[in-house]
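Take a look at the structure below.
The values are calculated or read from the model by the stated rules, or taken from the named source; none is laboratory data. In this text the structure is predicted, and so the values were computed from the model without any measurement. Neighbour counts run over all protein chains shown; Cβ positions are idealised from the backbone, glycine included. Please note that ligands, DNA and RNA were not included when accessible areas were found on the heavy atoms of the full protein model with its side chains. Shrake-Rupley method; radii C 1.70, N 1.55, O 1.52, S 1.80 Å.
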Amino acid sequence: MNIHEYQAKSLLKKFGVAVPRGGVAYTPEEAAAVARELGGSLWVVKSQIHAGGRGAGRFQDKPEGKGGVRVVKSLDDVASNAKEMLGHVLVTKQTGPAGRAVKRLYIEEGCDIKRELYLSLLIDRATSRVTVMASTEGGMEIEEVAHSHPEKILRVAIDPATGMQGFHARRIAFGLGLEGKQIGTATKFMLAMYEAFIALDASVVEINPLVVTSAGDVLALDAKMNFDDNALFRHKDVEEMRDEAEEDPTEVEAAKHALNYVKLDGNIGCMVNGAGLAMATMDIIKLYGSAPANFLDVGGGATKERVTTAFKLIMSDPNVEGILVNIFGGIMRCDVIAEGIVAAAREVSLHVPLVVRLEGTNVKLGKKIMAESGLPILSADNLADAAEKIVKAVKEAA
């Protein structure tokens, strides 16, 4: 689960991570009021969407205009810029051409920036450890730094038995070229950041940029946090920060029915039981010359109703030109899958090719149900046969 920048900063601040003062606003008037309360003569107006690259992004109605992060020097400019952002669609590298509508802003006090750095904590699946990534190239996307200047990325794996220690933080601080009191400030910052990461069951905490001010302070000028969905039951306060308007509506609906659904860019809808089998199904679709439109795992104990819902979710994607159902019935019975497929196909008036490969418990009954349904369902003997048939059927129907 992702949250907005202002929410991430509020959480990190509770653990002692240094962040600039700021406040959220939903109208231009609120934006000006927040800036007035913050005081000073310099503010930053930040669009709040779940995507990076906001500063370099552009609004759909003004593609040649300013981005989604703006530095302003008067209360009138705070209000006018807020008006230009709120209710408008911001397009960044991460949103794609569709962009995201800006529904809230974060108004933050200005900062005297001397250096911009990069700092993040993430779970490294290769080492099964929380790993610190740091770079002197703050403000840039870390993928771009890794591609152009891999030598400028510092990685430090943290032993879970000890957690982050002072020497870890100092090693990173030295690697970033910090000196004097900056080292102590940065060490305190990183230890607090690690504490927040562990305590909140985060999967990513990214500070980009991490800034060093002229006074030697170290601040999180931006903050991104991602959480382990499986641990949210322990953090109801974090779960309440979820903004479903920032998520794909189909994925939100799928979660309500305990379905694991991720929308992709292809044209072959997939319904599979088991994550590993789902990955293999998507791979073989690519092998035969097409691309999956989604990842959809109905789980091992799905009911007829859940299968019906899954089928409807697939069909709700206008890019879907064919559907491949691949079920290996262990706990899941093939007849239950067949009943759900038939019910859903009738309800949505199936108009695209459908190939079904069933194996396992009650497979004969499942195939019998589909054969007697009167629907144009193509049966497959194995995974390769299923992929070949659906790709061919879609091409013929085009």
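All conditions in (1) out of contact with any helix residue (DSSP H, G or I) (no Cβ under 7 Å at 6 or more places or on another chain); (2) free of Cβ contacts under 8 Å to residues at least 60 places away in the same chain; (3) not small (G, A, S) hold for D243, with the sole exception of (2). Within the bounds of region 107-121, is there any residue that is without any contact (Cβ under 8 Å) to a residue 40 or more places away in the chain and out of contact with any helix residue (DSSP H, G or I) (no Cβ under 7 Å at 6 or more places or on another chain)? No, region 107-121 contains no residue that is without any contact (Cβ under 8 Å) to a residue 40 or more places away in the chain and out of contact with any helix residue (DSSP H, G or I) (no Cβ under 7 Å at 6 or more places or on another chain). Which numbered condition trips up I207, out of (1) surrounded by fewer than 17 Cβ atoms within 10 Å (Cβ to Cβ); (2) modelled with pLDDT of 95 or more? It fails just one condition, (1). Taken as a whole, region 185-195 holds at least one residue that is open to solvent by 70 Å² or more (accessible area, probe 1.4 Å), over 25 Å from the mean Cα position of the chain (by Cα) and not aromatic (F, W, Y).
From the residues in region 34-69 that are open to solvent by 30 Å² or more (accessible area, probe 1.4 Å) and part of a strand (DSSP E or B), which one is modelled with the lowest pLDDT? In this case the residue turns out to be K62. Among the residues of region 357-398, those that are farther than 18 Å from A344 by Cβ, in contact (Cβ under 8 Å) with a residue 40 or more places away in the chain and open to solvent by less than 30 Å² (accessible area, probe 1.4 Å) comprise A386, A387, V391, A393, V394. Note on region 218-252: residues that are open to solvent by 70 Å² or more (accessible area, probe 1.4 Å) and more than 13 Å from the chain's Cα centre (by Cα) amount to 8. The residue of region 76-125 that is surrounded by the most Cβ atoms within 10 Å (Cβ to Cβ), among those that are hydroxyl-bearing (S, T, Y) and modelled with pLDDT under 95, is T92.
Screening E347 with (1) out of contact with any Ser or Thr (no Cβ under 8 Å at 6 or more places or on another chain); (2) surrounded by fewer than 16 Cβ atoms within 10 Å (Cβ to Cβ); (3) without any contact (Cβ under 8 Å) to a residue 40 or more places away in the chain gives one miss only, at (1).
Suppose the filter is of a type in the set (D, E) and either surrounded by fewer than 14 Cβ atoms within 10 Å (Cβ to Cβ) or within 22 Å of the chain's Cα centre (by Cα) (or both); does E141 pass it? So E141 fits the description; yes.
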